[in-house]
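The values are calculated or read from the model by the stated rules, or taken from the named source; none is laboratory data. None of these values were measured; they are calculated from a predicted model. Every residue, glycine among them, receives a Cβ derived from its backbone with ideal geometry; neighbour counts consider all protein chains shown.
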Amino acid sequence: MSGRDAGSMRVGALRQLSALPRDAQDTLLVVLVAAASVAPLLPHLPLWVSAATVALLLWRALLAGSGRALPSRGLLAALLALAVAGTLLQFRSVFGRDPGVSLVSMLLALKLLEQAPSDAHKASRVPGTRQRRDAYVVFNLGLFCVFAQFLYTQSAPAATWMLLCTLGWITALLDANLPARRPPLARRLALGARLIGLGLPLTVALFVLFPRLAGPLWSLPDTHVAASGLPSSMDAGTIASLALSDSVAFRVHFDGPRPPQSAMYWRGPVLGHFDGTRWTALAPARSRDDASATLHDTGNRVRYTVTLQPTQRKFAFALDAPTGAPTLVGQPGTTLRVLPDLELRASSDLTRLTRYTASSWLHYRYGLDESAARLRELLQLPSGYDPRTVALGRQLRKRFGAGGARAVAGAALRMFRQQPFRYSLHPGRYSGPDSIDQFLFQRRVGFCEHYAQAFVVLMRAAGIPARIVTGYQGGSENPVDGMWVVRQSDAHAWAEYWVRGSGWVSADPTAMVDPARVDRSGQTLESREPLLGLAMLGRGDPRALRMLRDVSDALGETWNQWVLDYGQTRQRRLLSRLGLHRPGSAQLASASALSVTLALAAGALWLLLGRERARLDPWQRSYALLRRRLRRAGVQAGASEPPAALARRLRGAPGMDAVCELLLDLERARYGEPPAEVAQLRALRRLAARLPLPRDADDTAPRMPS
């Protein structure tokens, strides 16, 4: 289909929409707002709930567009019973976050099939009728769906979307209370935006001043949200799938000089058990202060603050090697500790945005006195898997074992550097009991996890304890706010092997194959989609898309700090800058009450001053202006006299032909079809203000017909 044909179809659709009755157009607006309100919720709900909600909304839109009758009460009652029964079968309850949101989403769609909210004004002469009540039920259900989004995400884009949906519902509520001759949609939207704007100052004042709880007000547990980011185990392809994502894993603010990008290894889960296909963590042997985990620093300490996105997992990330357990902010009741393998572990799943300040030694030694039992565990290999790789590891031990573990590791790393291995995000699938053999001896194409596991298996076959470390490597600076941003595409896996007298030594075999990987930090992918998931906008200029992403990240971090992370500490810090040092809860409550009182008083004053003006619509103001000017010219015109009657009375008077034409235009604008638009009424009012009259008001004014 050509662009011209598509444009013609769009124009035809708009014409069909404009030809619909006003009530049908308003009903379609409500259905559109309802769809926008439930759309962010659908990915979190069961598939059948999402499908049922979408089908019911589409059904209501088709009925409004075709003018057909709404379904019977009996059919709607049967659909309601099915919705409740399905919710009970799915969740075993109708209470709780997911069952409640599922049921309310379907109730909103069903209620729209029972009532056209745009027709509520028809019942305005009979307050309390069922029609008006049903319309308000629709609005309340819709607003509940809007604010239910905060139960799943509290990001800045979600809040912006919620604000737009709220504007839509306020506009629909205005439609339900305006008379039949309503102004155009643009004016109704502007009025809704004005109402929201009037409430924003009070909202901001209450947010800043209202006494904060120990944790942020948005901290509702998200126990049903799927885990995201780096997993706690690894098999071939695990990290490569993460490298396709440009989403943020965590942000870092460094206190002082930032270490070089090549030295930024953000340590996560340490994996020591291998069953032939999957790597998992060994059970922690002892506590952090065990001698096996004693950390010997050799200088270059760096301090930084991490803002970690929710992962629904227990591990956090720190630069190798953390000097101690940082204090976690943002998830009350959760603490961090450092395991013997230097992994940072939380006491419970990190279900919310969290922040912690940590310090790390970039040059260190640890694990010099690792227990013999743990070292034996880190030599284990599954029987019957990858025989050629095991044989190669034994050969390396025979040839280089006299030089110690470092010599064997050096020989393995030289093999990766000198042989035709290739780094690729799409290496194909390796499977079976000889998957590592296929990688080392046949295809020689892989991602970081392929190289890390092959190196560890070679070292274990050579009799050297080794394990895999997963996490992130590098990152990039956001030029907008200076924050260091680590993304899922920076996910990485490297290795550690144990040397007697030196402890654990890090090795990154991927850097042997593609040395620039540690400087590009995940940007080495062969075919990368445009940033921010902007593929629908075309490939465009990568620099412009990257700048757009950086601005979005900076705004998101500002939102995180000043909205989501606005707790007691940040509130006291902000108020101290405003001159309120250490205010108590009573003082904050009094300030909040004073803000509400002042806002209500200002609103009442504004309504009082604008009451007389608010009583007149644009047509009435235009006619009143013309009558005032006529009175100044000696013509008495009462407010109850219609424009057409006044025009007949003035017909034939000197200099009144233009006035009569204007009066007839006003008559047609008020009572003709179609109703006048705002622009037309403004034009008539300007004409009434500028129309020349015979004489100004004075004692010699001519006598006009009465």
Quick one: in region 432-445, which of the residues that are in contact (Cβ under 8 Å) with a residue 24 or more places away in the chain and in a loop (DSSP other than H, G, I, E, B) is nearest to the chain's Cα centre (by Cα)?
444
Kindly check whether there is at least one residue in region 373-386 that is touching a Phe, Trp or Tyr at 6+ places or on another chain (Cβ under 8 Å), assigned by TED's automatic domain parsing to the domain that holds residue 275, among the hydroxyl-bearing types (Ser, Thr, Tyr) and not in a helix (DSSP H, G or I).
no
Subset tally (residues that are in contact with a Cys (Cβ under 9 Å, 6 or more places away or on another chain) and not in a helix (DSSP H, G or I)) for region 93-113
0
May I ask you to list the residues in region 464-481 that are modelled with pLDDT under 95, part of a loop (DSSP other than H, G, I, E, B) and of a type outside the set (D, E, K, R)?
474, 475, 478, 479, 480
Just a yes or no: is a residue in region 653-663 modelled with pLDDT under 70, loosely packed, with under 15 Cβ neighbours inside 10 Å and either of a type in the set (Ser, Thr, Tyr) or in a helix (DSSP H, G or I) (or both)?
no
Being within 45 Å of the chain's Cα centre (by Cα) and among the charged types (D, E, K, R) is the filter; apply it to region 387-423 and report the residue that is surrounded by the fewest Cβ atoms within 10 Å (Cβ to Cβ).
422
Near pairs, Cβ below 7 angstrom, 6+ apart or cross-chain, from region 77-103 (assigned by TED's automatic domain parsing to the domain that holds residue 43) to any residue that is of a type in the set (Lys, Arg) and part of a helix (DSSP H, G or I)
none
All positions within region 384-393 that are in contact with a Gly (Cβ under 9 Å, 6 or more places away or on another chain) and closer than 20 Å to residue 468 by Cα:
385, 386, 393
Just the residues that are charged (D, E, K, R) and crowded, with 24+ Cβ neighbours inside 10 Å, please, taken from region 463-486.
467
Given the conditions (1) surrounded by 12 or more Cβ atoms within 10 Å (Cβ to Cβ); (2) touching a Ser or Thr at 6+ places or on another chain (Cβ under 9 Å); (3) under 20 Å from residue 144 (Cα atoms), report the number of the one that residue 84 does not fulfil.
(2)
Out of the residues in region 87-106 that are among the charged types (D, E, K, R) and within 28 Å of the chain's Cα centre (by Cα), which is surrounded by the fewest Cβ atoms within 10 Å (Cβ to Cβ)?
97
Scanning region 324-344 for residues that are touching a residue at least 40 places away in the same chain (Cβ under 8 Å) and touching a Phe, Trp or Tyr at 6+ places or on another chain (Cβ under 7 Å), the one nearest to residue 357 (Cα to Cα) turns out to be 329
Looking at region 243-258, which of its residues are polar (S, T, N, Q) and touching a strand residue (DSSP E or B) at 6+ places or on another chain (Cβ under 7 Å)?
247
What number of residues in region 424-450 are loosely packed, with under 14 Cβ neighbours inside 10 Å and touching a strand residue (DSSP E or B) at 6+ places or on another chain (Cβ under 9 Å)?
2
So which residues in region 254-285 are part of a strand (DSSP E or B) and either among the acidic types (Asp, Glu) or out of contact with any Asp or Glu (no Cβ under 9 Å at 6 or more places or on another chain) (or both), if there are any at all?
254, 271, 274, 280
When residue 637 is run through (1) buried (at least 16 other Cβ atoms within 10 Å of the Cβ); (2) out of contact with any Cys (no Cβ under 9 Å at 6 or more places or on another chain); (3) touching a residue at least 24 places away in the same chain (Cβ under 8 Å), the failure sits at (3)
Does residue 644 fit the bill of being surrounded by 14 or more Cβ atoms within 10 Å (Cβ to Cβ) and not in a helix (DSSP H, G or I)?
no
Test result for residue 13, out of contact with any Ser or Thr (no Cβ under 9 Å at 6 or more places or on another chain), loosely packed, with under 10 Cβ neighbours inside 10 Å, at pLDDT below 90 and in the same structural domain as residue 168 (by TED's automatic domain parsing)
no
